[in-house]
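One structure is given below, encoded as structure tokens.
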Amino acid sequence: MDWSQLFSVAQLANALALASLLTILASGLALIFGLRDVMNFGHGAFYMLGAYAGYSVGKLLGFWAALIVVPLLLAVVGAVFELAVLRPLQKRSHMDVALVTFGLALIIGPAVHKVWGTVPLSVEPPPVLAGSVQLFGTMYPAYRLFLIAVGFGTCLALAGWLKFTRSGMYTRAVSQQPHVARMMGVNTDRLSLLVVCLGIAFAGLAGVLAGPYLSVDPGMGASILISCLIVVVVGGLGSIGGAIAAALVYGFIQVIGTVLFPSLAVLAPYLLLFGVLLWRPQGFGRGRVA
Amino acid sequence: MDAVATMTKTAPLPAAAAPAGRRWRAWGVFVGVTVLGLFVPMVLTSGFHLGLLINGIVLGIAAVGIGFLMHQCGLVMFGVAAFIGLPAYLLGIFSNHLNLALPAAAALALLGSTAFAALTGALVVRARPLPFAMLTLALAQMLKSAATLQALRPLTGGDDGLTMTLSGSLFGLNAAALSKAASFWPLAWVALCAVMFIAWRAAHSRFGQVLRATQANEERMRFSGFDTVWPRLLAFVLSAFIVSIAGLLMALHSAFASPELLDFATGGHALVAMLVGGGATVGGPLLGALLYTWGQDAFGATGYLELLTGIAVVVMIAAFPQGAMGFLLKLFRRRQ
Amino acid sequence: MPGFTRRAFGAAATLALAAPLAFAQPAGGPIKVGLLLIDSGPFATYAGLMESGAKAAVEMLNAEGGAGGRKLELVIQAHSGTPAAAVAAATKLAQQGGVSVILGQTQSSHSLALVPKLDSLNVLQIDHYAQSNDLMTKSCAPNYFRVNTPDALSTRMMQEFVKGSGAKTWNLISVDYAAGQSFSKAFGELVGGLGGSVQQNLFSPQGTTDFGSYISQLSKPADALVVTLYMSDGQSFAKQSRQFGLFDKYKLVLGNGFATDFQLESHGDNVLGVYNTLSWTPELPGARNQKYVQDFERIAKRRPFYTDADLMVALEAFRAGVVKAGSADPAKVRKALEGLKIDTIFGNVEMRAADHQLIRQHGMAQVVKGPGGKNIFQMKVLKSGPEIYPPASPECKASS
């Protein structure tokens, strides 16, 4: 058992890189759940859409432009999602809405197939991030460090928005006490629109970032959805801070698992879910958007 | 909802005390339909369509199981695949490796799966609905990982699956008869009727009332002196038992088990079927399962299976808030 | 309760009335060929490729006169990708579609589930996709034939290559799956037998997206690296390895199903220099092969891959059997196919009677920069079937 393999800077960075991507995705999912009480099973599909759009926009305008344009595009998609799907089904049961989002995922998948084809796509990182840098004695891919930076930055930005802006405050209010907030004059409809757009834009951002990091293929949405759901549930439904913490734990467990218990590593997320929920049924966070 | 109202006055008498004439008539219809159904293979001679119908009602059994849990307790079992795949694998392991003949292997498979439900239910049934759903999903995925573990490959066949050699006979059907649609039909049909009766009876009993009341207001039930965990655990085990019957039937008919049976996607079929049909009645999930099976077959022929399934799911859920069954019942009542 | 039972019965009756009747084929009409496709999940990616390849092959063979004057007609059935769904789809093709033979995206688990049913469905399967060795040993059946190269052959090819490579220490990374496990075991034994050693033997679960932690472990290099990762796992690994500069640390990188033909474009430069087993390239010698490539590019508007070639040969074999038997009846065609020498785009190859395997070529190729800057496979070693196929296993009871 090579312990140096486990406690190296590279492995730490690996865990953080995976956690960063999950953080961005899970935050979006947690936001939508916290505010709208909807478990969006189409989140993985939006992420995939973001990755494919990132490929096309990246080809046309370059990676950096894609990083800005694609989340904006996905925000528009999010607006359509909120107005055409979530709002009309507002009065329906959670299960029904969740199943509709699941149906949406089944529609977006083949649609992506049709437009971009079925062969996995190759997305290159921008030249400045393509190589490796010296990191405490080992060479480590620059792109992953960039990913960690963006993940960290998004968390800070999100925390800042929630804490210091008016709309952020409204979001926290509505997620904790929707009726009271509405009575106090918060326009929940407009807020829902904002939050859903933001959540889906995050999914798009994660998709663009994933392009040079993971494989861009039609199965990418489904595979990351389960991880994302686990992270959100472990983090405490709707709690952003909890989702971030859960993503970090998830990243570390994956890395440790692959080194220590390779065959059982695939079980690690589920054991995490079981363990956390049995010890603390509401998850890490203090529940609701916090 | 009605259960809450009844807390303030004496609970209505369960069906057993309804006018005797109506009861006898209901029983007559039930037995009549059960017997009549046995003759379906004579009408539906195409082996292919009978096979499709069998798939439909077996999926229906699974859907009824999870529909019961959802309607009575408000808990959705995402990991329903666990109780479809587990009895299948147990049947294969008992038949192939322990050389048990059919009646024993099938009974033990069912027992084992139900026992697993009892053990894991004790852990998960206390959770809130969404964590519960995720936990059952985690259970199914863990079972799937176990089935593909390299160490257990001699037992489970690993990724390639387990082809079963079934010996002996179950209710007079040997392995060959079980694999043919026409001879398998009676077993599947009787199982369906039995399961629907069990689900209906459990729902229309005090047990069902307690469950629905707990779903409406758990705290008040506890104040009133009811244990709120045991009934839910019992409901979970009953639901898993029903789903296990479906899994066992699938395994008996195909004589094959593979890790995909434990995958979330397999569970997805039953879930969609249940929700499309409507969980509010016992028959809703069955209708949903028949529609779903027919749809999968029809859509598959076009080559756009996933897309059409997605569109159908969205349309059905959006357009029919009470499911397909609810819609049909409303139509029927409006005519009257 | 009466409400639903009435409806359920009504549904059954309606289905019965709607049941189409005859599915026996009129003698002399077109011969129906069933094609199984997976349209959801990760494998759906390749369904489109298989469909266009099949349509092109059928068109080409029909242009040559079909099978004994009868045209070949493709009947497609897509399914969700599980073995049970594959069996259901095959059942539908046989009972509803009236097909005489089944082809398609049959993964090993699908073929293994299908083989016991072929007899009762009265249909042949000519497999051009599944690689499990069990299909030529204990899971043989009279109605089952295979034309593509099984796992055992790829392992054999790699063994030859390993012997000549001179590498002493090896690192392995394989998918934690039956194929990956059995390969790494066989490979470990081979390397040991040659006096070398396996330093690291890593397994990653199928569906791994982030290989960082594996790559970090593999950064302690040996002479050579063997990668048994498929499809999107392989894509992610290749992409991330490039970012870590992993392959540069090794003298030799061998791929086992890793760098495949149809993924070469999406791999880009990530797999330059990697060797991988490859059973066919468009540059294979032979007039029939050249004609096939030209016609294929004209009809399908893309370059053919080895999967297209395998499918073409499956149909060529079926045609040869039908011609020899004088009928499309499965029982007659299977008898005709045993021991038959068939003219295919691979050349003149034999369908071995004892285990129903086509004794055809296999090779080892390297990814190089081709003319025009595109990455292509360059065949380095090519062995003919008789040189590398193991003898038929006594476990196989296929011969009728």
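Rounded to whole Å and sorted largest first, what semi-axes of the equivalent ellipsoid does the C-alpha gyration tensor of the stretch B:3-266 yield via the square root of 5 times each eigenvalue? Mind dumping the intermediate values first?
On the way: eigenvalues 221, 137, 36 Å².
Square roots of five times the eigenvalues give 33, 26, 13 Å.
Which of C:Ala238, C:Ala178, C:Ala309 moves most in a GNM of chain C, Cα contacts under 10 Å?
Greatest mean-square fluctuation among the candidates belongs to C:Ala178.
Which value, in debye to the nearest 20, describes the size of the charge dipole of the stretch A:1-106 about its Cα centre when Lys and Arg Cβ atoms bear +1, Asp and Glu Cβ atoms bear -1, and nothing else is charged? Present the calculation step by step, with values, prior to reporting the outcome.
Numbers: 5 positive and 4 negative charges, 64 e Å.
Charge dipole of the stretch A:1-106: 300 debye, to the nearest 20.
What number in nm² do you get for the stretch B:134-237 if you take the convex hull of its Cα atoms and divide its surface by four? Don't skip to the answer; put the middle values down first.
Working: hull surface 41.4 nm².
It is 10.3 nm².
Rounded to whole Hz and in sequence order, give me ³J(HN,Hα) for the stretch B:248-263 from the Karplus expression 6.51 cos²θ - 1.76 cosθ + 1.60, θ = phi - 60°, writing x for Gly and Pro.
Coupling constants for the stretch B:248-263: 5, 4, 4, 5, 5, 6, 9, 6, 8, 10, 9, x, 4, 4, 9, 7 Hz.
Where in the stretch C:119-139 does the label zone of C:Lys397 land, with the point 7 angstrom along Cα→C-beta and an amide N cut-off under 12 Å?
C:138-139
Order by neighbour count: A:Ser27, B:Ser224, C:Ser139, A:Ser132, fewest other Cβ atoms within 10 Å first, most last. Show your work: numbers first, answer last.
Working: A:Ser27 28, B:Ser224 10, C:Ser139 23, A:Ser132 16.
Lowest to highest Cβ neighbour count: B:Ser224, A:Ser132, C:Ser139, A:Ser27.
Once the Cα gyration tensor of the stretch A:120-239 is diagonalised, what are the square roots of 5 times its eigenvalues, in whole Å and ordered largest first, as equivalent ellipsoid semi-axes? Walk me through the numbers on the way to the answer.
Values: eigenvalues 239, 60, 35 Å².
Gyration-tensor ellipsoid for the stretch A:120-239: 35, 17, 13 Å.
Mind listing P(r) for the protein assembly as shown? All alpha-carbon pairs, 10 Å bins, whole percents.
2, 11, 20, 24, 21, 14, 6, 2, 0, 0
Between beta-carbons, use under 14 Å as the cut-off and find the net charge around A:Asn14, counting Lys and Arg +1, Asp and Glu -1. If you can, show how the numbers build up before the last one.
Working: positive: A:Arg144; negative: C:Asp210.
Counting the neighbours of A:Asn14, the net charge comes to 0.
On a 31 Å Cα-Cα criterion, which of the cross-link pairs A:Lys114/C:Lys374; C:Lys185/C:Lys335; B:Lys180/C:Lys397; C:Lys168/C:Lys369 come out too long? Provide the component values of the computation, followed by the final result.
Details: A:Lys114/C:Lys374 25 Å; C:Lys185/C:Lys335 37 Å; B:Lys180/C:Lys397 24 Å; C:Lys168/C:Lys369 28 Å.
Pairs exceeding the cut-off: C:Lys185/C:Lys335.
Quick one: which residues, 5 or more positions from A:Leu135 or on another chain, have an amide H under 5 Å from its amide H? H modelled 1.01 Å from N in the peptide plane, none for Pro or chain starts.
Distant-sequence amide H within range of A:Leu135: A:Tyr140.
Based on the alpha carbons, how large is the Rg to Rh ratio for the stretch B:211-336 when Rh follows Kirkwood? Numbers along the way, then the final one.
Values: Rg = 18.0 Å, Rh = 17.0 Å.
Result: Rg/Rh = 1.06.
I want to verify a result. In a Gaussian network model of chain A, Cα cutoff 10 Å, which of these has the top mean-square fluctuation: A:Leu271, A:Leu35, A:Leu104?
Taking springs between Cα atoms under 10 Å, the residue moving most is A:Leu271.
For the peptides B:73-80, C:347-354, what is the packing order when you average, over each peptide's residues, the other Cβ atoms within 10 Å and list the highest mean first? Don't skip to the end; give the middle numbers.
Values: B:73-80: 25.0, C:347-354: 18.1.
The packing order, highest mean first, is B:73-80, C:347-354.
Taking θ as phi - 60°, what are the ³J(HN,Hα) couplings along the stretch A:221-237 by the Karplus curve (6.51, -1.76, 1.60), each to the nearest whole Hz, with x for Gly and Pro?
x, 4, 5, 7, 4, 4, 4, 4, 4, 4, 4, 5, 5, 5, x, x, 3
Per-residue Cβ counts within 10 Å, from other chains only, averaged over A:10-16: what number is that?
Details: counts 7, 4, 1, 2, 8, 3, 1.
Going residue by residue through A:10-16 and averaging, the value is 4.
If you fit an axis through the alpha-carbon atoms of helix B:81-96 and take the longest principal axis of the Cα set of chain B, what angle between them do you get, 0 to 90°, nearest 10?
Helix B:81-96 sits roughly 40 degrees off the main axis of chain B.
Taking C-beta distances below 4.7 angstrom as the pairing criterion, name the unpartnered cysteines of the protein assembly as shown, in sequence order.
That list is A:Cys155, A:Cys197, A:Cys228, B:Cys73, B:Cys193.
With a 10 Å cut-off between alpha carbons and a GNM built on chain C, which of C:Leu218, C:Leu194, C:Leu135 moves the most?
C:Leu194
Taking amide H positions as placed in the peptide plane 1.01 Å from N, state which residues far from C:Lys32 in sequence (5 or more) or on other chains have amide H under 5 Å from it.
Result for C:Lys32 returns C:Glu73, C:Ser100.
Between B:Ile93, B:Ala81, B:Leu149, whose Cα lies farthest towards the positive end of the dipole of the stretch B:3-266 when Lys and Arg beta carbons carry +1 and Asp and Glu beta carbons carry -1, centred on the Cα centre?
Highest projection toward the positive end goes to B:Ala81.
Where does the charge balance sit around C:Ser197 when Lys and Arg score +1, Asp and Glu -1, over other residues with C-beta under 11 Å from its C-beta? Spell out each step's value before the answer.
Values: positive: C:Lys168; negative: C:Asp223.
Cβ neighbours under 11 Å give a net charge of 0.
So what are the radius of gyration and Dmax for the Cα set of chain C, in Å?
Rg, Dmax (Cα atoms, Å): 22.5, 78.
Taking H as built 1.01 Å from N, whose amide H comes closer than 5 Å to the amide H of C:Thr228, not counting residues under 5 places away?
C:Ile173, C:Ser174, C:Val175, C:Asn256
In peptide B:135-142, what is the residue-averaged number of other protein chain Cβ atoms found within 10 Å of each Cβ?
Numbers: counts 7, 0, 6, 11, 3, 1, 7, 6.
Counting other chains' Cβ atoms within 10 Å and averaging over B:135-142 gives 5.
7 Å from Cα along Cα→Cβ at both A:Ala79 and C:Asp343: what's the point-to-point distance in nm?
Spacing of the two 7 Å Cα→Cβ label points: 6.6 nm.
Once the Cα atoms of helix B:206-216 and of chain B are each reduced to a long axis, what angle between those two axes, in degrees from 0 to 90 to the nearest 10, is obtained?
With rounding to tens, the tilt is 80 degrees.
Roughly how many whole Å is it from the C-alpha centroid of the stretch C:45-91 to that of the stretch A:59-131?
Between the Cα centre of the stretch C:45-91 and that of the stretch A:59-131, the gap is 33 Å.
Okay, helix-only estimate at 222 nm for the protein assembly as shown: each DSSP H run of n ≥ 4 adds -39500 (n - 2.57), divide by all residues, round to 500 deg cm²/dmol; what do you get? Please list the in-between numbers first.
Working: 43 runs with 613 residues, N = 1026.
Here the helix-only value at 222 nm equals -19500 deg cm²/dmol.
Which value, in debye to the nearest 20, gives the size of the charge dipole of chain B about its Cα centre, when Lys and Arg are +1 and Asp and Glu are -1 at the Cβ?
On the way: 19 positive and 10 negative charges, 273 e Å.
That gives chain B a dipole magnitude of about 1320 debye.
Size of the dipole of chain C about the Cα centre, Lys and Arg at +1 and Asp and Glu at -1 on the beta carbon, nothing else charged, in debye to 20? The partial results should precede the final answer.
Working: 38 positive and 32 negative charges, 70 e Å.
In total the dipole reaches around 340 debye.
Which whole number gives the average, over all residues in B:74-84, of C-beta atoms from other chains lying within 10 Å of the residue C-beta?
Working: counts 3, 0, 4, 0, 2, 0, 0, 0, 0, 0, 0.
Per-residue shielding by partner chains comes out at 1.
What does the net charge come to around C:Glu160 if you take all other residues with beta carbon closer than 10 Å to its beta carbon, with K and R at +1 and D and E at -1?
Numbers: positive: C:Arg156, C:Lys163, C:Lys383; negative: C:Glu387.
Net of charged neighbours comes to +2.
HN-Hα J couplings of the stretch C:128-133 from phi, Karplus 6.51/-1.76/1.60, θ = phi - 60°, integer Hz, Gly and Pro as x?
Going residue by residue, I get 10, 9, 6, 10, 4, 5 Hz, with x marking Gly and Pro.
Bear in mind that the values in this text are calculations on the coordinates, not laboratory data. Note that the structure is predicted; figures quoted are calculated from it, not measured. As a convention, Cβ positions derive from the backbone with ideal geometry for all residues, glycine included, and neighbour counts pool all protein chains shown.
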